[in-house]
Structures are given as C-alpha cells and as structure tokens.
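Nothing in this text is a laboratory measurement; each read-out follows from the coordinates by a stated rule. From a predicted model like this one, the values you see are computed outputs, not experimental measurements. FYI the Cβ positions are ideal-geometry reconstructions off the backbone, even for glycines, and counts take in every protein chain you see.
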Amino acid sequence: MTDASAAVATAHPNIALVKYWGKRDEELVLPLADSLSMTLDVFPTTTCVTRCPGAPADAVTMDGRPAAEEVSQRVVRFLDLVRQRSACGDRAVVDTRNTVPVGAGLASSAGGFAALAVAAAAAYGLDLDRSDLSRLARRGSGSAARSVFGGFALWHAPGPHAPDPDAASFAEPLSRVRIDAALVVVLLDTGPKSVSSREAMRRTVATSPLFPAWLASTRLDLRRMRAALEAGDLAAVGEIAERNALGMHSTLESADPPIRYRTGQSDQVLEQVRALRSAGVGCWATMDAGPNVKVLCAGGQAVPVAERLAGATGFPAVIARPGPAAALCPRTGAGR
Ligand code: DP6
C-alpha cells in the first residue's frame, strides 16, 4: 500500500469508429469482437476516491448529489473488485464530477469508469500498468477500457480459445494513425436513454436475427479501419465508421422487442451530413446508444462543419479532437 488514502483522476469519453456491441461474458465484460475508438478532448469526468477506514459502507456522489441507486451499486461492485486485489478492505467515498450528460449515448460511462479505475487503483495502492488499468476499467463499463488511453485505441476481444480471456481483453493505443480528424458532436438530446446500452446489448445478442451478420461485418470493418487509419485515408475511415454505426443500429432495431435510439432529429443530421458530402465536404456520421450524432471530418474542416450542422438543425455542435489518456491529477501523486 502507498500512504495515499485519496486520489483524483480525470478521463475523457471515447467514440467508437468500429463499435463494441455484444458481450461473450457479462460478468467479466468480455466483448465478442474488437472495437476501435477516438478518445475526445471534451466532456471530461473527474473522480475522487477517498478511503475511509472504519466506515460501514461506500458513499457515492455524482455532481454533488447522492448517486442513483443503480449507479451507486455499479460503483460499489467496482470498488469490491479493487478491494479484492488490494490488501485493504476500507470502504470509500467516491465523488464524481461530469461535464458530459450522463446516459445520453455520449460515452459518460467510458470516461467515468476510466477515471474511477485510475483513482481507485491509486487510492488503494494497486501497482497497475496501463494494460491492467484498461482491464480494470473494462469491468465497470466495456468501452471504458479504451478511455484509459488517449488518441485512437483498439480494445481486444479475447480469442475463442484464449486460456485466460480476462487477461487477453484490454485496450492499447494505436501509434501509427496518420489522419488529422475531429468529431463534431451534435447535441440533440442530453436526457438519459430509455434502454441502457447494457440491456440493449444483451437483448440484441439474444434476439436479433441480424446479430451474426453484424459480428462478421464488424470484424472485417476493424481490419479495414486499422489499415485506413495507418494509410491516412480519412474518406475510408469515415465510410467504414458510418456503415459500422448504421449496421449496429439496424441490428438493435431488429431485436425483439426492437430498440430504437435514432430519432427523426438524428435522421435530419444524417441528411445534412449527406448534403455536405454531396457539396464536396468530407464528413461521416456515427451514433451510439442515444439519438446524438457525431460527425467525423478533417481537423481543419471541424469549424465549418460544426457551423453548418448547428445552423441547419438549431442544435449545439461541439468540436472534439483527439484527447488525452486518463490520468491522476497531479496533487494526488504520480501515475504510471
Ligand atoms: C454503442 O461500454 O456502455 O457506445 O459494457 O455494458 O457498460 P457496457 O456497455 P458500454 O457500451 C458502449 C456501446 C457503444 C459502442 C462503443 O462504445 O463501442
């Protein structure tokens, strides 16, 4: 154990260009396929974990208020994992500050659990390298495995015969990316989604007749995406990302009962993106478990694309560029 009883960490959300949609193990949060994302430089989450020797229970607050029961239970289960690995059974106070609307398909759980993993590991004195932190963050929310890293990251699904699937599933940064990209986030709706991504994913795997095809196509997309990123081919990156996202939404819309995150407003943004492309502006849409649309474009085009999308739809458009890795805040000591 270190003597630090409190640690503060910050992490940013990430947006997948090749989506994670489907688990092979709910408990360990193991995905069925690799996924690939860009960590953003906007909407950070900052989490403080303070060990409280003698306290009877963990206390979880979000933006200064007690967290909802479901959120609190998820955080406590996560802390239990950290306690199992450390020599310390102390309960803790966890205080999280979000700058991203929670549960709106804006990847708040990715930044949230990445920040929690880094802060809790430090507060409980775990000596974890970045891959271990990614594995740990994954247990809170799968996509959080990628937010441990900045820039572009690939999260590995364990192979079908991996002797230790838990050890085999972590994210790593992609170092040979040769595109200068931005994501314009069109904020259509910041309210919480009707079906959580966890439940939606479960239902899709269990009931969607399209799921096997989705799995095969996303594996192919991943290989092509990686090659396009390394070749600096932004148009190929955008085309693969848009098709991958639309494929994911078709798959979940064919679940029983169907899940629909896209709204008429999302479709309007998709139309604007197509119109911009017809006018010669390279931009491509992606969507997650919510109606908000994120638009990939060249870094140098982000301002005009954001202005056009905000002007045409009347909704705010936030420009996100590749952001930093999850990190301890300096006053709590050095991270690894
Ligand atoms: C659509 O990581 O939120 O954003 O592992 O159940 O917590 P759990 O799911 P979560 O799912 C993210 C789904 C997605 C695609 C992606 O980020 O790859």
The answer for the chain, counting only DSSP H helices whose Cα atoms cover 18 angstrom or more along the axis and whose Kyte-Doolittle average is -1.0 or greater, is 69-85, 108-123, 211-231, 234-253, 264-278
Rounded to whole angstrom, the alpha-carbon centroid of segment 159-211 lies from that of segment 212-228 at a distance of 13
FRET efficiency (A162, R224; Cβ distance; R0 22 Å; to 0.05) is 0.40
Here the relative contact order (percent) of segment 181-320, from C-alpha pairs under 8 Å and at least 6 apart, is 41
Dividing the alpha-carbon radius of gyration of the chain by 2.2 N^0.38 Å, where N counts its residues, gives 0.96
Connecting every pair of Cα atoms under 10 Å apart in the chain and solving the GNM, the largest mean-square fluctuation among M38, M287, M201 falls on M201
By Cβ neighbour count within 10 Å, fewest first, F43, F170, F315 rank F315, F43, F170
Most exposed first, judged by fewest Cβ atoms within 10 angstrom, V184, V118, V42 run V42, V184, V118
Going from the fewest other Cβ atoms within 10 Å to the most, one would list R274, R138 as R274, R138
Net charge near R321 (other residues with Cβ under 11 Å of its Cβ; Lys, Arg +1; Asp, Glu -1) is -2
Once the in-chain neighbours fewer than 8 apart are removed, the aspartates and glutamates whose Cα is under 13 Å from K23 read D34, D166, E199
Per the rule of 0.36 nm per residue minus the C-alpha distance, extending C88 to R321 adds in nm 80.0 nm
For K294, counting only lysines whose alpha-carbon sits under 16 Å away and dropping same-chain residues fewer than eight positions off, the answer is K19
Output row, site L215, 7 Å Cα→C-beta label point, backbone N cut-off 20 Å, window segment 153-194, residues 155-170
Per-residue ellipticity at 222 nm attributable to helices in the chain (runs of n ≥ 4 DSSP H, -39500 (n - 2.57) apiece, nearest 500 deg cm²/dmol) works out to -12500 deg cm²/dmol
Checking every Cys Cβ in the chain against the others at 4.7 Å leaves as unpaired C48, C52, C88, C329
Row for segment 181-320, column shape: gyration tensor on C-alpha, a ≥ b ≥ c, rounded if a/c < 1.5 i.e. under 1.5, prolate if a/b over b/c, else oblate; value oblate
